[in-house]
Every structure is written in structure tokens, then in C-alpha cells.
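Below: the structure, in C-alpha cells.
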Amino acid sequence: VILTRKAEAGRFDLDWDVFKTDSTKVVFTSEIGEQSIEEQADRFRLQGYNPLAKTKVHALGKEGVENYGEMMRILRQKYGVRFLDVQGGGDVAGQLMREKLLDEYRYTVSPTIFGAYTRDGRQRTSPFGKLSFGKDNSPIFETLNLALAGNHKLMRERIIYRH
């Protein structure tokens, strides 16, 4: 399962090794992303390669994936997915949490995570993107596992929703 917002050329590569396997791939993106993927696939087809032969693309919003609940429903009903390990940034985690679709959150806290900007001046994302919770709906994290690797803390937390 691949989740991408706009599937912009240069950032979403249909020449990626995952598209060269016989396994089924499912891509969730926006309408813009779906169009971009098709345009890239057309260029490959002219060269005799069909990267979407075993790939199904689902557009779940105009400019971004707007309905993660629908994404999970499609995965469960159409593809029989019962467990999904998502690797993504704070925006994805925050949206999944907002829709109460996240059961567990694993993350690494490194010494360089603190502060608004990275060493090279880029703005740092937060663990849950732009999403914020209030006093009545903030989830509670229950620690399942904690490990140390040098200065890095590896955390595994169960999410308990209070609403």
C-alpha cells in the first residue's frame, strides 16, 4: 500500500523497484495524483513497460487524501487487509488519529527532534503534523515498549481515545 498526496513527477517514481514485482500494489492519492500517475504510466507504456499492471490506484480527494476511513474500508473490503503498518510523517499519523484509525504509534525521539528548525534551516514537522487536540479529545498514550539506542529513544505506544 502506497499513500501519496499528489504523486508529483520526480517525487513518485513508477520506475521504483516495488512496481517491478508480481505482487499487488494499492496506491491511495488525490485526483491530481491519479492523473500524474497515469501520465507517467503512459510514458512507460510507450517504451513497452506497464508499471501499473498489478497496481490499483484510488483517488480519495481532489488535492490530497481526504478520507482515511474510506481508505481503510477499501483495504479491508476489497483487499482483505486486517493489519496495516503505516510508515509516514506526522500529518498522516495525526489524520489517522483524528479519525480514530490508529491503534498503536511507534516513533523515535532523537536529540535533533527538538526545536522548530533543522540544522540546515528547514522547518521541522511535529509528530502529529498540524493536528492539535483539545482537553476533551486528546488521546492518551500507554507505553508498550521503550528502548534506548545511543541518544535515541525508541517508543512504542498504544493509543487510548477518550472520546
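The values are calculated or read from the model by the stated rules, or taken from the named source; none is laboratory data. Just so you know, these numbers come straight off a predicted model, no measurement behind them. Backbone-built Cβ (ideal geometry, glycine too); neighbour counts: all protein chains shown. Please note that ligands, DNA and RNA were not included when accessible areas were found on the heavy atoms of the full protein model with its side chains. Shrake-Rupley method; radii C 1.70, N 1.55, O 1.52, S 1.80 Å.
Between beta-carbons, use under 15 Å as the cut-off and find the net charge around ASP136, counting Lys and Arg +1, Asp and Glu -1.
Local net charge: +4.
Write down the Kirkwood hydrodynamic radius of segment 1-96, to one decimal in angstroms, obtained as one divided by the mean of 1/r over all alpha carbon pairs.
After inverting the mean inverse Cα-Cα distance, the result is 13.9 Å.
What FRET efficiency comes out for LEU101 versus ALA53 if R0 is 35 angstrom and r is the Cβ-Cβ distance? Round to the nearest 0.05.
Working from the Cβ atoms, E equals 0.75.
Which of the trypsin sites (Lys or Arg not before Pro) found in segment 53-102 are loop residues per DSSP with 11 or fewer other Cβ atoms within 10 Å of their Cβ?
Within segment 53-102, the qualifying trypsin sites (Lys or Arg not before Pro) (loop, at most 11 other Cβ atoms within 10 Å) are LYS62, ARG82.
Taking 1 over the mean of 1/r across every pair of different Cα atoms in the chain, what Kirkwood radius in Å do you get?
Evaluated on the chain, it is 18.0 Å.
In Å², what does the accessible area per residue of the chain work out to with a 1.4 Å probe?
Normalised by residue count, the accessible surface of the chain is 67 Å².
Straight-line reach only, C-alpha to C-alpha below 22 angstrom: list the lysines that LYS54 could link to, leaving out same-chain residues fewer than 8 apart.
LYS6, LYS20, LYS25, LYS78
Quick check: net charge around GLY88, other residues with Cβ under 12 Å of its Cβ, Lys/Arg +1 and Asp/Glu -1?
Neighbour charge sum, excluding GLY88 itself: 0.
Please report the relative contact order for the chain, taking Cα pairs under 8 Å with a sequence separation of at least 6, and give it as a percent rounded to a whole number.
Across the chain, relative contact order equals 18 percent.
Over the chain, what is the percentage of antiparallel beta bridges among all DSSP beta bridges, to the nearest 5?
Restricted to the chain, the bridges split so that about 70 percent are antiparallel.
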